[in-house]
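Student: Before I ask anything, let me first share the structure, which is written out below as structure tokens.
The values are calculated or read from the model by the stated rules, or taken from the named source; none is laboratory data. Predicted, not measured: the structure shown is a model, and the values here were computed from it. Neighbour counts are summed over all protein chains in view; Cβ atoms, including those assigned to glycine, are modelled from backbone coordinates with ideal geometry. Keep in mind that these areas ignore ligands, DNA and RNA; they rest on the heavy atoms of the full protein, side chains included. Shrake-Rupley method; radii C 1.70, N 1.55, O 1.52, S 1.80 Å.
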Amino acid sequence: MRAFVREASKVVVIPGMNCDTDQIIPGRFLKSDRAQGYGQYLFHDIRRTSAGALDEAFPLNQAGAETATILLVEDNFGCGSSREGAVYALVDHGIRAVIGPSFGDIFYNNALKNGLLPVRLPSEICHSLATHLAHAKDGEVVVDLQAAEVVLPGNLGTHPVVIDAFARDCILRGLDEIDMTFTFMEHIQDFEAKRLASHPWLDR
Amino acid sequence: MKAALDTPRTLLGKIWDEHEILRHPSGPSLLYIDRDMIHEGSFHAFADLKARGLKPRRPKQIFGVADHYVPTRGRTAQDAATPAIARMIETFDENMQWGGVRHFSLSDRRQGIVHVVAPEQGITLPGLTLVCSDSHTSTQGALGSIAFGIGQSENAHVLATQTLWQLRPKVMRVTIDGVLAEGVTAKDVMLALIAKIGAAGAGGYAIEFAGSVVRGLSIEGRLTLCNMSIEAAARFGMVAPDDTTFAYVRGRHYAPSEQEWEGAVAYWRTLASDEGAYFDREVHLDAAEIAPMVTWGTSPEDAVAIDGLVPDPARFDSADRRKSAQKSLDYMGLKPGMALQGLALDKVFIGSCTNSRIEDLRSAAAMIKGRKAVIPSIIVPGSTQVREQAEAEGLAALFRDAGFEWRESGCSMCAAINGDVIGPGERCASTSNRNFVGRQGPGARTHLVSPAMAAAAAVTGCLTDIRRNGGGVA
Ligand code: SF4
């Protein structure tokens, strides 16, 4: 997994509460091979007009947006389906962190496993940031996971990144969780032997 | 086991403690996973395993079933809508064979939607931990298990280790007391709950459903409740196992045998939340206040009673909500103040892991009463077994005679990735769980309803209050 330590970037604001994973990547693209990259499918339908052309009003289609690596989103971003394709699409597009008031739980976990940092900030702060960016599009945000803080532009201040210690350590080090879990294999095997003995129907 | 014996514990707490191999100093538990259910979307996890030179560690505890991409007009991969979709089904079969994983492929009589099949086969049991790389795995907590959806990275972790690192969620108890009115189903209860607490309302929580209504529900109704927990952002939905559960489970293929039965039930009886157990949040619903529900927007929280009106976004309390509601109405082609009842529809879909079990089909059939579907209406049973049972009971013939299309089982128009789609701008009454923008096809407009409401809509061509005319339709 790619580590996440610190990222400084302009920010693209993605509007809409409850932006579900179907919006992030429509289901019909999920059968694609990851090797071809999922970035091309990011927000596929909502960034286009009904005629299929890129919609200039969609923030990600505006000049300068292509170099941004941080998104600002609204409440409950990534709710809905467990499709990890939503995270692949963001990552393959080059997004490294997503800031918002709350995230779908499975999306949040999927993001962490792919080196994409979801940053929960209180609603008021997200709103102030959106208002600020509406006037100062190039305002830079720094997400510093080492220091566990986000530095916002203008006079919006510095805010703590609240994340559980285990997840923070894994993503900071780019740790491979499967390899790490294998170091506990003796415990797993002991536990499993007892469990299967008392629940023999699990082993049929 | 690890908590002091006299500390009252919740259902979730008891099963969690029982499965905690160890706790990491920084917080999460390493949980033992009893069962992993997989479907066609698992190809990423298999690619990951192959790249690492690993195989599924405990193939006997893994079950595969083809559902998301399967055709509903035939039972071979060649019947798939496109060659690319056929390829998904074939890849799945290949991966199952490669991994030595037991699987119910397209032509198997045990095939169906994963969350319908697992309880049906006795794979889901009280007291187990069960995962599936699908958000609606919450469905399966209805039998008194910890069941939750995971992504493909987590799936690869389970396949490789039969464990997962998880933070223990908080628990919200949702108590539903009283008596449900005629025509009000588990689906309506959930739409009412999500409208009340919001689509993000249970984020970070496991929901335990309790109260007289829940006790009185069949397992199928409880599966519907737990199914839609995820639409309120709860990853888990649970109901404490009771006699209804034990009667349902007994004799199913992967359940404990008759010799093992008494011991298993004795243990399962200890799982209910203790008197005085602490819940992080309590929510109460009065059954009498719940009407048959319908959604008007593009989030399951956008639900009102069928005799209600499309709300005015200007009256929502937050600016974000006003903006989102207006966007939903534009997409749905609705105006504030419009009556939902009588709204003309283009299609009806009865299916999905929310509402495609035999009781759902019976309740849909009861609404038809000799009338004909006046708009294209399809019924996709949740499993091949449900399909066979409906055929044996004469329901299939009744649906066919009424002009409904009677299909083979699968996810079909719920996720619209197998080629069954609603056209752009078309309006569909659907028994599925998500009314998201584009969920049933680009530009498709979805109204979530119960099976009875969907069947009534099919024979009237519009959203219809099933309480009118003594439970029949106008
Ligand atoms: S029926 Fe729909 S919600 Fe259920 S598993 Fe299939 S796609 Fe997911």
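Student: Suppose we compare each residue of segment A:90-105 in its chain alone and in the full protein complex with a 1.4 Å probe; which ones drop by at least 10 Å² of accessible area?
Tutor: Residues losing area: A:Asp105.
Student: Can you list the lysines whose alpha carbon is less than 22 Å from that of A:Lys10, not counting same-chain residues fewer than 8 positions off?
Tutor: Answer for A:Lys10, where 22 Å is the Cα cut-off: A:Lys137, listed by chain and number.
Student: Report the Rg/Rh value for segment A:53-149, based on alpha-carbon coordinates and the Kirkwood definition of Rh.
Tutor: A ratio of 0.95.
Student: I would also like to ask the following. Tabulate in residue order the Karplus-calculated ³J(HN,Hα) for segment A:196-204, using 6.51 cos²θ - 1.76 cosθ + 1.60 with θ = phi - 60°, rounded to whole Hz; enter x for Gly and Pro.
Tutor: 5, 5, 8, 10, x, 5, 6, 10, 9
Student: May I pose another question? Could you sort the peptides B:93-99, B:451-457 by per-residue average Cβ neighbour count (10 Å cutoff), highest mean leading?
Tutor: B:451-457, B:93-99
Student: Over all directions, what mean area does the Cα convex hull of the protein assembly as shown project, stated in square nanometres?
Tutor: Value for the protein assembly as shown: 27.7 nm².
Student: Taking the square root of 5 times each eigenvalue of the Cα gyration tensor, what semi-axes in Å does the equivalent ellipsoid of segment B:352-474 have, largest first? Can you show the working numbers first?
Tutor: Details: eigenvalues 89, 65, 28 Å².
Whole-Å semi-axes of the equivalent ellipsoid: 21, 18, 12.
Student: Sticking with this one: Please report the accessible area of B:Asp330 (heavy atoms, 1.4 Å probe, ligands and nucleic acids excluded) in Å², nearest 10.
Tutor: We get 100 Å² for B:Asp330.
Student: Under a 5 Å amide H to amide H cut-off, with H placed in plane at 1.01 Å, what residues pair with B:Leu285 once short-range neighbours are removed?
Tutor: Counting only residues 5 or more places away or on other chains, the set is B:Thr175, B:Ile176, B:Asp177.
Student: Sticking with this one: Calculate, in nm to one decimal, what B:Asp286 and B:Arg315 gain on full extension: separation in residues at 0.36 nm each, minus their alpha carbon distance.
Tutor: Once the chain is fully extended between B:Asp286 and B:Arg315, it gains 7.9 nm.
Student: Taking only the alpha-carbon atoms of chain B, what semi-axes of the equivalent ellipsoid follow from 5 times the gyration tensor eigenvalues under a square root, in whole Å, largest first?
Tutor: Values: eigenvalues 224, 146, 96 Å².
Semi-axes from the Cα gyration tensor: 33, 27, 22 Å.
Student: Compute the distribution of all C-alpha to C-alpha distances in segment B:1-73, in bins of 5 Å from 0, and list the percent of pairs in each, rounded to whole numbers.
Tutor: Histogramming segment B:1-73 at 5 Å steps yields 3, 12, 15, 16, 15, 14, 10, 7, 5, 2, 1, 0 percent.
Student: Just to verify a number: what accessible area does A:Cys79 come out at with the full protein assembly present, 1.4 Å probe, Å² rounded to tens?
Tutor: We get 20 Å² for A:Cys79.
Student: Which residues in segment A:105-149 place their backbone N less than 15 Å from a point set 7 Å from the Cα of A:Ala63 along the Cα-to-Cβ direction?
Tutor: A:137-138
Student: Per residue of B:95-105, what is the mean number of Cβ atoms on other protein chains within 10 angstrom of that residue's Cβ?
Tutor: If you average over the peptide's residues, the count of other-chain Cβ atoms is 0.
Student: Shifting gears a bit: Would you mind calculating the relative contact order of chain A from Cα pairs under 8 angstrom and at least 6 residues apart, reporting the percent as a whole number?
Tutor: After rounding, I find 25 percent.
Student: Here's something else I'd like to know. What average count of beta carbons from other chains do you get within 10 Å of the Cβ of residues in A:21-31?
Tutor: Going residue by residue through A:21-31 and averaging, the value is 6.
Student: Report Rg/Rh for segment A:54-98, rounded to two decimals, where Rg is the Cα radius of gyration and Rh the Kirkwood radius.
Tutor: Rg divided by Rh gives 0.98.
Student: While we're on this one: Rounded to a whole number, what is D in µm²/s for segment A:143-190 from Stokes-Einstein with the Kirkwood radius over alpha-carbon pairs (4 °C, 1.567 mPa s)?
Tutor: 100 µm²/s
Student: Across the residues of A:9-19, average count of Cβ atoms on other protein chains within 10 Å?
Tutor: Mean shielding by partner chains, rounded to a whole number: 4.
Student: Another question, then. Chains B and A: how much accessible area gets covered up at their contact, both sides added, probe 1.4 Å, in Å² to the nearest hundred?
Tutor: Buried: approximately 5100 Å² between A and B.
Student: Tell me, what is the percent relative contact order of segment B:53-178, built from C-alpha pairs under 8 Å that lie six or more residues apart?
Tutor: Averaging sequence separation for qualifying contacts and normalising by length gives 23 percent for segment B:53-178.
Student: When every alpha-carbon pair in segment A:70-204 is counted, what percent end up more than 22 Å apart? Don't jump to the answer; show the numbers that get you there.
Tutor: Working: 4439 of 9045 pairs.
That tail contains 49 percent of the Cα-Cα pairs.
Student: Residues of segment B:150-173 with accessible area at least 20 Å² lower in the all-protein-chain context than alone (1.4 Å probe)?
Tutor: At a threshold of 20 Å² (probe 1.4 Å), the residues of segment B:150-173 that become less exposed are B:Gly151, B:Gln152, B:Ser153, B:Glu154, B:His157, B:Ala160, B:Thr161, B:Trp165, B:Leu167.
Student: Quote the charge dipole size of segment B:222-357 about the Cα centre in Debye, to the nearest 20; the model charges only the Cβ of Lys and Arg (+1) and of Asp and Glu (-1).
Tutor: 640 debye
Student: Right, another one. List every residue whose amide H lies under 5 Å from the amide H of B:Lys170, counting only residues 5 or more places away in sequence or on a different chain, with H placed 1.01 Å from N in the peptide plane.
Tutor: Counting only residues 5 or more places away or on other chains, the set is B:Ala206.
Student: With no solvent and one point per C-alpha, what does the Debye sum give as log10 I(q)/I(0) for segment B:275-413 at q = 0.10 Å⁻¹?
Tutor: -0.50
Student: Note down the magnitude of the dipole of chain B about its Cα centre, charges +1 on Lys and Arg C-beta and -1 on Asp and Glu C-beta and zero elsewhere, to the nearest 20 debye.
Tutor: Around 740 debye, computed over chain B.
Student: Report, in whole Å, the centroid distance computed from the Cα atoms of segment A:177-196 and segment B:292-338.
Tutor: Comparing the Cα centres of segment A:177-196 and segment B:292-338, I get a distance of 49 Å.
Student: Taking only protein heavy atoms and a 1.4 Å probe, what accessible area per residue, in Å², does segment B:293-471 have with all protein chains in place?
Tutor: 32 Å²
Student: I've got another one for you. Return the carbon/sulfur percentage of the accessible area of segment B:11-168, one whole number, probe 1.4 Å, all protein chains in place.
Tutor: That share works out to 51 percent.
Student: Nearest 0.05, what FRET efficiency do A:Asp179 and B:Arg87 give at R0 = 25 Å with Cβ-Cβ as r? Write out the running numbers ahead of the final one.
Tutor: On the way: r = 31 Å, r/R0 = 1.25.
Rounded to the nearest 0.05, the efficiency is 0.20.
Student: Non-local amide H neighbours of A:Glu149 (under 5 Å, H modeled in plane, Pro and chain starts lacking H): which ones?
Tutor: Correct list: A:Asp144, A:Val161.
Student: When we measure straight from the Cα of B:Lys347, which lysines land under 29 angstrom away, once same-chain ones fewer than 8 places off are left out?
Tutor: A:Lys31, B:Lys187, B:Lys196, B:Lys323, B:Lys327, B:Lys335, B:Lys369, B:Lys372
Student: Continuing with the same structure: Relative to the Cα centre, what is the charge dipole magnitude of segment A:137-194, using +1 at the beta carbon of each Lys and Arg, -1 at the beta carbon of each Asp and Glu, and rounding to the nearest 20 debye?
Tutor: Taking the Cα centre of segment A:137-194 as origin, the dipole is about 220 debye.
Student: Right, here's the next one. Going out from 0 in 5 Å bins, what whole percent of all Cα-Cα distances in segment B:11-168 drops into each bin?
Tutor: The distribution over segment B:11-168 is 2, 10, 19, 21, 20, 14, 8, 4, 2, 1, 0, given as percents.
Student: Between B:Arg250 and A:Asp138, what's the calculated FRET efficiency when r is the beta-carbon distance and R0 is 51 Å? Round to 0.05.
Tutor: 0.20
Student: Just to compare against my own numbers: the Cα pair-distance distribution for segment B:196-282, 5 Å bins, whole % per bin, please.
Tutor: Percent of Cα pairs in each bin: 3, 12, 20, 20, 19, 13, 7, 3, 1, 0.
Student: Taking θ = phi - 60°, what integer Hz values does the Karplus form 6.51 cos²θ - 1.76 cosθ + 1.60 yield along segment A:27-35, in sequence order, with x for Gly and Pro?
Tutor: Residue by residue, segment A:27-35 yields x, 5, 8, 6, 7, 5, 6, 4, 4 Hz.
Student: While we're looking at this one, here's another question. In nm, to one decimal, how far is the modelled label at B:Asp401 from the one at A:Asp164, with both set 7 Å along Cα→Cβ?
Tutor: Modelled inter-label distance: 5.6 nm.
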